[in-house]
Structure formats: structure tokens, C-alpha cells
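Notes follow the structure.
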Amino acid sequence: MMSQMEGGCPVDFNTITDLFLQRNLIREATAFLLDVLKPNLPEHGFLQSKVLEINLVTFPNVADAILANGMFSHYDRPRIGQLCEKAGLYIRALQHYTELPDIKRVIVNTHAIEPQALVEFFGTLSREWALECMKDLLLVNLRGNLQIIVQACKEYSEQLGVESCIKLFEQFKSYEGLYFFLGSYLSSSEDPEIHFKYIEAAAKTGQIKEVERVTRESNFYDAEKTKNFLMEAKLPDARPLINVCDRFGFVPDLTHYLYRNNMLRYIEGYVQKVNPGNAPLVVGQLLDDECPEDFIKGLILSVRSLLPVEPLVEECEKRNRLRLLTQFLEHLVSEGSQDVHVHNALGKIIIDSGNNPEHFLTTNPYYDSRVVGKYCEKRDPTLAVVAYRRGQCDDELINVTNKNSLFKLQARYVVERMDADLWEKVLSPDNEYRRQLIDQVVSTALPESKSPEQVSAAVKAFMTADLPHELIELLEKIVLQNSAFSGNFNLQNLLILTAIKADPSRVMDYINRLDNFDGPAIGEVAVEAQLYEEAFAIFKKFNLNVQAVNVLLDNIRSIERAVEFAFRVEEEAVWSQVAKAQLREGLVSDAIESFIRADDATQFLEVIKAAEDANVYHDLVRYLLMVRQKTKEPKVDGELIYAYAKIDRLGDIEEFILMPNVANLQNVGDRLYDEALYEAAKIIFAFISNWAKLAVTLVKLKQFQGAVDAARKANSAKTWKEVCFACVDAEEFRLAQICGLNIIVQVDDMEEVSEYYQNRGHFNEIISLMESGLGLERAHMGIFTELGVLYARYRYEKLMEHIKLFSTRLNIPKLIRACNEQQHWKELTYLYIQYDEFDNAATTVMNHSPEAWEHMQFKDIVVKVANVELYYKAVHFYLQEHPDLINDLLNVLALRVDHTRVVDITRKAGHLRLVKPYMVAVQSNNVSAVNEALNGIYIEEEDYDRLRESIELHDNFDQIGLAQKIEKHELLEMRRVAAYIYKKAGRWKQSIALSKKDNLYKDCMETCSQSGDRELSEELLVYFIEQGKKECFAACLFVCYDLIRPDVALELAWMNNMIDFAFPYVLQLVREYTSKVDELIKDRIEAQNEVKAKEEEEKDMVAQQNMYAQLLPLALPAPPMPGMGGPGMPGGFVPPPPPPMGGMGMPPMPPFGMPPMGSY
């Protein structure tokens, strides 16, 4: 309440507190101070400290609650901290102390501090102070405070640093604390050191299961370091060490450690249960450690099939203890194992023991020949050859036989192998042992072989290796000498082919001595090798006459020998080849003779072409007659007709076409026509009724009448054109016109005919043709248009008449172009008008007026143009060429042109006066340019009446400019007009001054009267007095009566002795004011009468009201009794309402009482 008083508490808070404390009212003092100190102001710091001190001494719990509430922040914190420490509130003391020694002194009282609060307090300290406090706690009571330290490190590991926490625990060798701290941090860390520290702490605290788990699951610890630690720790359980060594490849170290520490059961458990795949490494290390063989054999047999054989054999072989595995391997083989490594190892053991190794190498199908052969090379090379031959290890066998000079074995293997790649390798020039191998192949391997395939493969290999001489010697020995392969077809072929390639001089001898070879194929090879005589001999020996003659013709190139050979064999195929060769050599007649002997019609196309090139058509006729007997080809019959035509046998042509034939007569006729054989072509075209081609053919023969008759039968536009053009060229114009009339009815062909005539200068003839065409039934617009174009070019005097007669049937745009080109401007203008091109018509008239202009026509045109600019161009045109008719033109254009622009045009041309009638006619539009132009003309003509009229009726002009222009004019009326303009413009002073200058006093008075300016009027009176114009003074008083003040007028008249002249004004003034007073009096009397009448009327109304009031009863009637009627009661009586009092002209009265009384 005191804290909420206005102006604050009148008594000091400290004094009141002391009063409470003097009476030992600690609770009341505390409550008072808590109330007044709620604002938490800095000036209350002393009182905050005081209330806390009182309660810390007497009621520590109350002080703890106050501090927990956090309502004070300005008290003495160090002092309160000391009191909290004394009161046993250690956590509050820690919150208030700011010096490290104080904190370290208090924090060791962990027995009186809540652990969670202490942990949270560590979060408020800096890293260094927190670590110092933790050290003190561990020094005071390591076992009791370890849990708190671990929890604090877990909570604030990021602030404190994991490494610092680890060092703290290691400093006190508290592996238990380290174990619990790192256990919470391990899952989120990938630091190898942390993982190792955890493993170390777990091991030293006896947490073997955790060590085993971490070594098995973690991927981040240092394997080498962990392995060394576990070996040094010598844990009773070796599983953690087994996990580390198995996962990170320390199996030999593990085996050595376990064996030396006599932990054999862990070795067996590791090999049998953990990782049998690492058993070879275990065995190898046990052998190095000189472990008894019985234990090793028992270990191997305990794993059996789970044991990987290859690395086991490798480990034993490196230590030369392979025989140790004999029992194990035989046991696997007896179980049916087909593992290659098992059989390899067993084979090596048999080879070392010498127990019939050849039998094993040749009969065992499972061992790796390459591995076992390599093992045998240093022990017995022949056994290596056996192993390599079994596995077809070519490279290894070649190397071992070369190295040990076993060339006979190598030759036998290569021949039996029959592999091209192997032959290529051993016969390569880079092989230094090639000579020795070849000798063994020739002397031993091939003679022993009974397989043709082996012999063939060897021969091919020799050929591929490019050893022809060695191959020939070998083949001669096999084929020419009596052997099993003497009659071998392939070997004979190979011998001849090899001789062709290596020693051609022996080929002819082989051909004569051998019979069982492929003649056609060998012959072709001989031809390719350019052994033509040998090839001819082969083909001739095998009766291949066609191939033989081809050799003579194509290779030996002797047609004479070929003809002689053909006469000898008398075969059609041979004659056919000879004929083809003769044809290629250009011996066409001989070739035709040979073809006839061969009865060969297949090459008729080549023969025809060659005969035509050589111009031997008589021989060609004989050949074609032969061919025609064998085949029915249109080409043959057509060429026969052509040949008849070339040798001028026209009768034979007529006979042939009447006979059955398959010739394409149309194509034949076209060919004859193209080659100018017109007589023969005429026969063909007439026979097939091709009138079009017949017509053009007759044209070529100059038979024009017949050509026209044929064209009439053909009735083709193309034919008509060809005949027509030919007749024109021959100047047969009558026939040409007949043709032309059939052409021009087609729009597309008409122009071509016209151009043809015109290009040859036959103008009259084409005009005559077109004129004749006008009367045709099929006459179209193009004929009329083309005739118009021709008239425009060559007979212009008929052009206008033609246009007017046929304007509706003309192609006007085309004729417009023609007239424009020929410069017929009058006709062009007419066409533009007909085509509604009024803009072009007007332009044409103006550009070519001497020929095209007619005034009435131009007026009709110009009002219809769309381009507005043409109006003004027409104005220019008339100003230049027809100025006398300009007003007539402008009157027509008055509604369409811009009058201002027209005035500008005429002004620039200097003919403004010329268009005065036009401007007068359009001045009603009140255009500024027109008004100014007319006003200027009136000034020049000094026509002031028209000028004044123009100014009065049309005000759109520069009035002040015009007034300034004429105010000094020599004519008085002009200056008067200037004064009028000033007056009209509201420049009263300038108008009056100008009128004064010209003594136009009437105008001055009227101007003053119209201005409404009292000052101007009174100045004018003074001016008249000064000038002595008494009459003007009197007149001004009358004219400016409304503006002049009476006192001013009378004063001026009295002072200047002009009372007589002012007396009319005085009379008028008296009369005016007398009338005004009479009007006022009359209005006043009428107003008073109206007021009196109104008062009388009100009195009468009041009297009538009083009179009717006396007729009413003096008192009100008594209210009805209960049950005596009234609204809603049965049998009751309800009096009717009194009738209104307005029936006799009285106003209605209220139902009861007197009306209000009026005042008297």
C-alpha cells in the first residue's frame, strides 16, 4: 500500500524495517520488504541485501526460496554468498561466488549439494575452472565423486573437450570413470584414439564382454595398437584378440601368440568355428613355430572340406612340407573332390616321389596342366611336355622343348595340334629354332602322319609363313613319288598353286603330268598370275572352250587365234564370245556375222548401237531380221523400221507396218521426226492417226494446207500453235488466221500468239486476227483487252472508240498499263475513271494536262479522290494552268479542303485576290486565316463598309493586330473601324483616345456607355469641358446617364458655368428620383394595408372560437361505474364521439376544455 501511494511513501523503508526488527517481527519485516522491493530498482540494493541477510541468519529456507524466485538482482552478491556458505546453502554460495578459491572451497561439500544441481553448476563455469574443480573433487573423494564427474563430463563434453576429460581420468588412473564416460560417447565418435581408450579402460576394469563386443563391431580403433595392447594385457579370454587379428589380417601373429601361450584350444576354435578360410595362414605359422606334425595334421583333418586347398598348398610348398598334406589330399580325392588345386597338389607329390608320374599325368583329368607342367620343368622336361600336351599349353610346350632341344617332340605336337596360330608362331622368322623344327617336320612328323588333315594344315602353315621352296620340295616328295597321297586332289591343287606362286617355270610340266586337280579353279588362278598360255592349256585340257576362248580374247588379245579356235570347235557359245570381242574392237560387220553364226540374239541392244555408230544399216537389217525370228521386242521392230528409213526403203516400211509387229510406232515416228526423216515419219503418223504429229511433220515438209487439215483433225492447242507459227513464218497469213482463231479462244495461249506476231513485225495481221476474234461465240475478255493493247501500240486512233464500246469487257488494269507505257493520257484517264481509280485519274490529268485535262471531267474526278493531298495538288495545278477557273474548283471542294491551307497556298502563289469569291463564300465558317485574308483584301481595297461588316460578323482573327495596322490609316473610316475593333476587344481607353483624335465624339460617348466604367465617363466629361464642347458635355450626360455621379456632373457644370447645358440632365435626374420615391411610398402603403388586413382576419378567427366555446358543458361527466357499461361490457352504453365542429365553416375544436387564448 505504501509503495502505491502518490508521491511515494512519506517514511523511509529502512526505518520501517528497523521498527519491525526491533520488535523481532522478522516475518513481517520480510513480507514488507518483499512487497516494497517488487520493482527491483537499483536504489533498493541495500534493502535487498538486508532482507536476504536477515533470513539467511534466521530462516535459511525462506532466503533459499527468495533466491530461487530470482526477484532481486542488485544486492551485495559476495556478502550473500558468504552467508549462504555459512547457512549450508552451498549451491547458492557457488552461484554467488566469482573467485575460483571460493568455489573450490565450497564445491567439495558434495554431501550437502544435490548432484544434478552440481552438474548444472559445472555448465556455468569456464573450461579451465570446471576442470580445476573436478580435480579437487577427485582428490577429496575419488570414489564418492566419480559419478558426478562422469555425469558432468557427459553433459558438457563439447565445452570441456573430450581429450581434456580423458586426461583428467587418466591423471587419477580412474579407468572406471573413463569407461563410463567414453561408453556414452563411443557410438557417435569415429576417433580411433577414443575407441582404443575405451577398449583399454574396459579391459582394465574387467569388462571382457564389452571388450569383445567393441573389437568385433567397431571399425574405428587402431588395429595394430589394440593388438599389441591385448597381447600385453594377456586377458584370460582370447576372443577380443581373435576378433582384432581376424578382422585386420594379423592371423600369423595371433597364431604365434596362442601357440607360445599354450592356448591351443583357441587355435582349434578359431580354425573350426571362426574363420576356416584362414587355416592356411595358421598352418604356415605353426610350421614356422615347429609345431608337431600330428597336431597340424589333426587340425587340417578337423576342417576338411571347409579348408581352402590352394593357399594351404602354397603355404606348405613354400616351406617344402608338401608331403604333410598327402593323407588330407587322398582323403579329399576318395570323397570325389574334383578341385583342381587338390589334384595339382597330389600330382606334385607323385612327381616328387617318382611313383609312375606318366600315368597320373596322362590319366588324371582334373589337374591344371600349366601349373603341374611348370612344376615338372626343372625336375623332368619330358614330364613337362606330357603335362603341357595334355592341356594344349602351346607356349609353355614350345618354350620347354626349345630350351631342352626336344625338337622331335615339338614337331610331332605341332603337326598333331593342327592350329594355325601355333604354326604361325613356330614358323615365324623371329623363331631362332625354325630350321630345326622344319627339318623334323619334313623328315619325321609328316612321314609318320597318316591324316590328310594334318598334312593339309602343315602345308597351309608353310604357305602362310611364305616358305614356298620348302613347301614345293615337301609336296613333290608326297605327290609325285609313290605315296599314300599321290592322287590326293587337294595336294595336287596345292602343288600347282604353290608352283604358280613360287616357281612358274614348273607349272606347265605339272599340268601335263597331273590329272586329278581342279581345272576351272586352277585355270582362274593362272589367269590371275598372268600365266595365260598355262591357263589356256588347262581350259583346253578340261574342254572348257568358252573359258579358253576368253583367255585368248581377254588376256592374250588375239582375235585371229580366237576365230581359228571357234572354227575348230564350232560352238555357238564360242562364236558368241568372239562376236562380243569383235564388237568391242569396232569390227561391227564381222561381229554381226559372228552373232548370226552364233544364232545369238541376246546382245541386240549393243549391236544396234554399234551398227548405228558405224552406219552399217544394211548389215543391221540382216541381223534384226534374225533377231526378230527369236524374240518379239518392240525395240527390235522399231530399230528395223528406223534402219529401213535410213537406207530409204520406204516401201519396206509400208509393208512392215501392215504386217503383224510389236513396234512402238509412236516412239519410232517421234525418232524419225527428231532426226529429220520426215517422209518416213509422215507414213508412220498417218498410219497411227496421230494428227498432231502429222501436222507438224507436214509443216516441216512445207505442206501447209495439209498441215492445217491435220491440225483441224487433231484439234489441239499445241498443234494449232505449231501450225500457226509455221504459217506465220512462211507468211501464209490466211492459213495462219484460220489456226489463230482456234488458239485465241484459249486465254493462256492468246498472249503467246500475239507476241509471236508482234516479234516478227506482223502488226496489221495480228490486229486483223483479233478483230476477227471479237465475233466468235467463245470470245472472252482477253481478246478485247489484247486488241485494246494492240490499238494502244500500233493504231491508237481506234483506241478510245474501242474502250468506250467495250469498257465492260476489258481487263482494265492490263489496258491501263499498256496506255501508260504508250503515253495515251486521255484514254488512260478514262480507264481510271471506269475502274474507280479517281486518285490515279486526277494525278494523270494534272501530270499530262495538255492531252488529258477537261474542266468538267476534272471536277467530277477530284471530288471522288481518296487522297486528301490531291485536293491541294489540284489547287496548285489550277493556280498554275487555269487560274480563271480556280474559284469554280474551290467551290466544289469547299466542304472537303482545309481553308487555312488553301489560303496559305494561294498566298504563297501570290494569287490571294484571285480566290476572294471562294473566301467570301466560306467566311461563314469563321476561319481565322480566311478572315484575316479577306480583311487584308478589304484594307487594300479601302472597302471599309465590307471590312466593318466582316469584323462584326466574324471575330476569329487577330483583332488587336488588325486595329494596330489600320489605326494610322489615311482614311477616317478606316481609323474609325480601328476604334471599333478596340471597343469590341474591350480596350476602351485606346478606342476613346483614337476617337478623340479624329473628333468622333459620338463614338467616344457610345464607347464610354458600353464600357460601364464610371471613371472613363467622368474623364470624358472633363475632356469636353477642357475642349469647350458644351453641347458634347450635355450629350455625354445624357448618353452616360447611368454611369456619371450626379454630384460630379453638377459640380463640373457649376464650376464651368454649364448649368444650362446640365439642366436637362438635372430634370431627368429629378424625375427619376421622384418616380423612385413615389414607388417606395406606394410599396410602403401597400405593405401596411396588408398587415392591417391580416390582423383583422386573425381577430375574426379568435372571436369565432370564443363563441363556440360558450356552447360546451361547464364540467366533465362522471366516469362510468363498474358493471354499468364501458368498453367490452355486455349491455354497456358507449356514447358516440361528438361530431367535428367543422360543418359550419368553423375550425375543428378539441374534445374538452377551452381553446388556447390569444393575446390582445
Apply the Karplus curve 6.51 cos²θ - 1.76 cosθ + 1.60, θ = phi - 60°, to the phi angles in segment 834-841 and return the couplings in whole Hz, x for Gly and Pro.
5, 8, 6, 9, 6, 4, 5, 4
Centroid-to-centroid separation of segment 322-344 and segment 867-924 [C-alpha atoms, Å]:
133 Å
Rg(Cα) of segment 294-357 divided by 2.2 N^0.38 Å?
1.04
How much accessible area per residue does the chain have, in Å², with a 1.4 Å probe?
53 Å²
Cα-based reach from LYS197 at 16 Å (exclusive), listing aspartates and glutamates while leaving out same-chain residues under 8 positions away:
GLU163, GLU170, GLU176, GLU210, GLU212, GLU217, ASP222, GLU224, GLU232
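Could you give the Stokes-Einstein D for segment 231-289 in µm² per second, using the C-alpha Kirkwood radius, 25 °C, 0.890 mPa s? It would help to have the intermediate numbers written out before the result.
On the way: Rh = 11.2 Å.
Using the Kirkwood radius from Cα pairs, D works out to 219 µm²/s.
With a 1.4 Å probe and every protein chain kept in, tell me what percent of the accessible surface of the chain is carbon plus sulfur. Before the final figure, lay out the partial values.
Numbers: 30740 of 61950 Å².
That fraction is 50 percent.
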With the contact rule set at Cα under 8 Å and sequence spacing of 6 or more, what percent relative contact order holds for segment 52-161?
19 percent
Cα-based Rg / Dmax (Å) for segment 324-412:
13.3, 42
Scattering profile of segment 788-864 from the Debye formula, Cα beads only, expressed as log10 I(q)/I(0) at q = 0.11, 0.21, 0.24, 0.27 Å⁻¹, is -0.24, -0.87, -1.11, -1.34
Please grab the % of Cα pairs in segment 899-953 that end up more than 15 Å from each other.
40 percent
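For the chain, just run the numbers: alpha carbon Rg, then divide by 2.2 N^0.38 Å, N being how many residues it has. Let's see the in-between values first.
On the way: Rg = 74.5 Å, N = 1160, 2.2 N^0.38 = 32.1 Å.
So the Cα radius of gyration is 2.32 times the expected 2.2 N^0.38 Å.
Regarding segment 16-122, what is the average projected area of its C-alpha convex hull, in nm²?
Working: hull surface 27.3 nm².
Here the figure is 6.8 nm², rounded to one decimal.
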Placing each pseudo-label 7 Å from Cα in the direction of the beta carbon, VAL340 and GLU524 end up separated by a distance in nanometres of 4.5 nm
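Return the tail of the calculated pair distribution for segment 234-343, meaning the percent of Cα-Cα pairs more than 22 Å apart. Don't skip to the answer; put the middle values down first.
Working: 1689 of 5995 pairs.
Considering segment 234-343, 28 percent of its Cα-Cα pairs are separated by more than 22 Å.
Using the Cβ atoms and a cut-off under 12 Å, what net charge is assigned to the surroundings of HIS882, where Lys and Arg are +1 and Asp and Glu are -1? Spell out each step's value before the answer.
Numbers: positive: LYS859; negative: GLU854, GLU881, ASP884, ASP888.
Cβ neighbours under 12 Å give a net charge of -3.
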Kindly provide log₁₀ I(q)/I(0) values, in the same order as q = 0.29 Å⁻¹, from the Debye equation applied to equal alpha-carbon scatterers of segment 866-920.
-1.42
Gyration tensor (Cα only) of segment 778-828 to equivalent ellipsoid, semi-axes in Å sorted down, yields 16, 10, 10
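Distances longer than 19 Å among the Cα atoms of segment 853-975: what percent of all pairs is that?
Percentage above 19 Å: 49.
Where Lys and Arg each count +1 and Asp and Glu each count -1, what net charge lies around ILE538 among other residues with Cβ under 12 Å from its Cβ? Kindly include the intermediate steps, with their values, before the conclusion.
Working: positive: LYS540, LYS541; negative: ASP515, ASP518, GLU524, GLU533, GLU534.
Around ILE538, the surrounding residues sum to -3.
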May I ask for the equivalent-ellipsoid semi-axes of segment 733-819, computed as the square root of five times each C-alpha gyration tensor eigenvalue and listed largest first in whole Å?
19, 15, 11
Kindly provide the chymotrypsin sites (Phe, Trp or Tyr not before Pro) of segment 1028-1064 that DSSP labels as loop, not H, G, I, E or B, and whose Cβ sees at most 16 other Cβ atoms within 10 Å.
TYR1041
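With a sphere of radius 15 Å drawn around the Cβ of VAL723, what net charge do the other residues whose Cβ falls strictly inside it have (Lys, Arg +1; Asp, Glu -1)?
Overall, the nearby charge balance is +2.
Which value does Rg/Rh take for segment 524-627 over its C-alpha atoms, Rh per Kirkwood?
On the way: Rg = 14.4 Å, Rh = 14.0 Å.
Rounded to two decimals, Rg/Rh equals 1.03.
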Short to long, in 5 Å steps from zero, the percent of alpha-carbon pairs of segment 398-459 per bin is 4, 20, 34, 27, 11, 3, 0
Output wanted: per-residue J couplings in Hz (rounded whole) for segment 940-955, from phi through Karplus 6.51 cos²θ - 1.76 cosθ + 1.60, θ = phi - 60°, x for Gly and Pro.
5, 7, 6, 8, 5, 4, 5, 5, 5, 5, 4, 5, 5, 8, 9, 9
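The values are calculated or read from the model by the stated rules, or taken from the named source; none is laboratory data. As the structure is a computational prediction, the values presented were derived from the model and not from experiment. A quick note on method: Cβ atoms are made from the backbone with ideal geometry, for glycine too, and the neighbour counts reach across all protein chains shown. These area figures cover heavy atoms from the full protein model, side chains too; ligands, DNA and RNA do not enter into them. Shrake-Rupley method; radii C 1.70, N 1.55, O 1.52, S 1.80 Å.
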